[in-house]
Amino acid sequence: MQNPFVIVAHVPTDSVIKGFIPELKRRNQPLLLVTDQPERHQCYLESGLIKAEEIVAADVFNPIAILNVLTQYQINPAAVLTNSDHLQTAAAMVAAFYGLPAKDWQACYRAKNKLVMRQTIQDAGLDNVWFRPVYQREELQASDIPFPCIVKPVEGVASENVALVSNVQELQQHADRFWQKVPGQPLLLEEYLEGSLHTLETLGDGQQIQVMGSFETFLSEPPCFIELEQRFSREPARGVSEVLLAQLKALGVGFGTCHTEFVMTDKGPRLIEVNYRNIGDQSDFLMAQALGFNLFGAVIDLYMGHAAAELPSGSQSAYIYCQVAEQSGIIHQVPVAQQLEKEGCQISFEPLCKAGDFHQQDFSNRDYLSILRATGPSEQILMPVVQHFIQELKIQFTTDLSDTALNAEEAVA
């Protein structure tokens, strides 16, 4: 295989499996998927999405291992891309070796490591959020920690192991649970920022950054932060783009997509985290649909060295709803995946579980049972339609674990 488009992946994700790979196939572009979990990608062979010879195993967290396997198979890649938070730095280093268009690996590291991100923004004089890394339990006793505060892994992703703690006892309990799972990994304490949660979605060519839009995000009740619903707007609130783009520039972010989270406080937008990739949980598909824009094709073009695509000036209204398991239990009624249309609105429903499964509550986005995406001509038309289908397509499950006589097949809607 000569000059394939290389995708570096850890676990299968919708953005790669349903977005980037199908777009590459439509273009007849040779593809190579480099992953440390080839067995989890084997299921896509039967559907014809990917061929066995297009999957290569490697330790994708190690750029040298990726380079070694490409050298072994005499691969000279046309591009190297990853949509994984964990793998941005490694993939950028590999792309740099081949002299390919890509993100700056140092910018990837600054964005991924939440401590380095905070230090970089502070050193640039762009924000002064209080933060402190902790490596040992005795550091949790410091008298100047401003409670309530946020505690999160320095190298974390999404909302996993993130919590709001109100006192030293809650902080110690959370830290103990985290360090039992991942001994030795540092935590970051941060000032709690009050306000509504939003995102800034951007697309850059290394020189100029275009703002694609912004999601307002609605969260579960503290202490955990699970994203339940999102509403898309083509234009962020006034002043948001200027503040956040300056901070992204300080980090060196500016190539491909970037998903930036911030809180709109009474002092203006305050940065939460930078995810140097597409927004996840199918929100990238929703945004692309609302914009009428081939997002995956635009990203591929950038990595192939082509000019950045021009974004449309307007968009439809868009909304995403995630049903979340509120406790552990056995799933027994799951509507089938479906595409629906009503009153000019497009509805996409995808279950993320199967009837008969036991779900162990995780207090993170791993608790998602289904995702409903919707676009429509206006918010006034869209929202009543969305509420109707949220109720009609609700997944049912029981907490009575002794009730094993449920027939999963007849329970499927």
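The values are calculated or read from the model by the stated rules, or taken from the named source; none is laboratory data. The shown structure was predicted, so the numbers you read here are calculated from the model rather than taken from an experiment. With ideal geometry, Cβ positions are generated from the backbone for all residues, glycine too; neighbour counts draw on all protein chains shown.
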Give the residues of the stretch 294-321 that are hydroxyl-bearing (S, T, Y), more than 27 Å from I7 (Cα to Cα) and modelled with pLDDT of 95 or more, sorted by residue number. S315, S317, Y319, Y321
Does at least one position in the stretch 338-354 carry a residue that is in contact with a helix residue (DSSP H, G or I) (Cβ under 8 Å, 6 or more places away or on another chain), surrounded by 14 or more Cβ atoms within 10 Å (Cβ to Cβ) and not in a strand (DSSP E or B)? no
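Which residues, counting only those in the stretch 242-270, are charged (D, E, K, R) and part of a strand (DSSP E or B)? Break it down stepwise before answering.
Step one: filter the stretch 242-270 for residues charged (D, E, K, R), giving 242, 249, 261, 266-267, 270.
E261, R270 - these are the residues of the stretch 242-270 that are charged (D, E, K, R) and part of a strand (DSSP E or B).
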I need the full set of residues from the stretch 138-173 which are in a helix (DSSP H, G or I) and either in contact with a Cys (Cβ under 7 Å, 6 or more places away or on another chain) or without any contact (Cβ under 8 Å) to a residue 24 or more places away in the chain (or both), in order please. E138, E139, Q169, Q173
Of the candidates S364, S328, the one satisfying the condition of being touching a residue at least 40 places away in the same chain (Cβ under 8 Å), closer than 30 Å to V154 by Cα, out of contact with any His (no Cβ under 7 Å at 6 or more places or on another chain) and not acidic (D, E) is S364
The lone exception for E227 - which of (1) closer than 24 Å to F296 by Cβ; (2) modelled with pLDDT of 95 or more; (3) not hydrophobic (A, V, I, L, M, F, W, C) it fails: (2)
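Take the residues in the stretch 312-334 that are surrounded by fewer than 17 Cβ atoms within 10 Å (Cβ to Cβ) and part of a loop (DSSP other than H, G, I, E, B); name whichever of them is nearest to the chain's Cα centre (by Cα). Break it down into steps so the answer makes sense when it comes.
Taking the stretch 312-334 as the starting set, the residues that turn out to be surrounded by fewer than 17 Cβ atoms within 10 Å (Cβ to Cβ) are 312-314, 326-328, 333.
Going one step further and asking which of them are part of a loop (DSSP other than H, G, I, E, B), we end up with 312-314, 326-328.
Working: P312: 23, S313: 25, G314: 24, E326: 21, Q327: 23, S328: 24 Å.
Among those that are surrounded by fewer than 17 Cβ atoms within 10 Å (Cβ to Cβ) and part of a loop (DSSP other than H, G, I, E, B), it is E326.
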Condition broken by V129, with the remaining ones in (1) under 21 Å from P12 (Cβ atoms); (2) of a type in the set (A, V, I, L, M, F, W, C); (3) not in a helix (DSSP H, G or I) satisfied: (1)
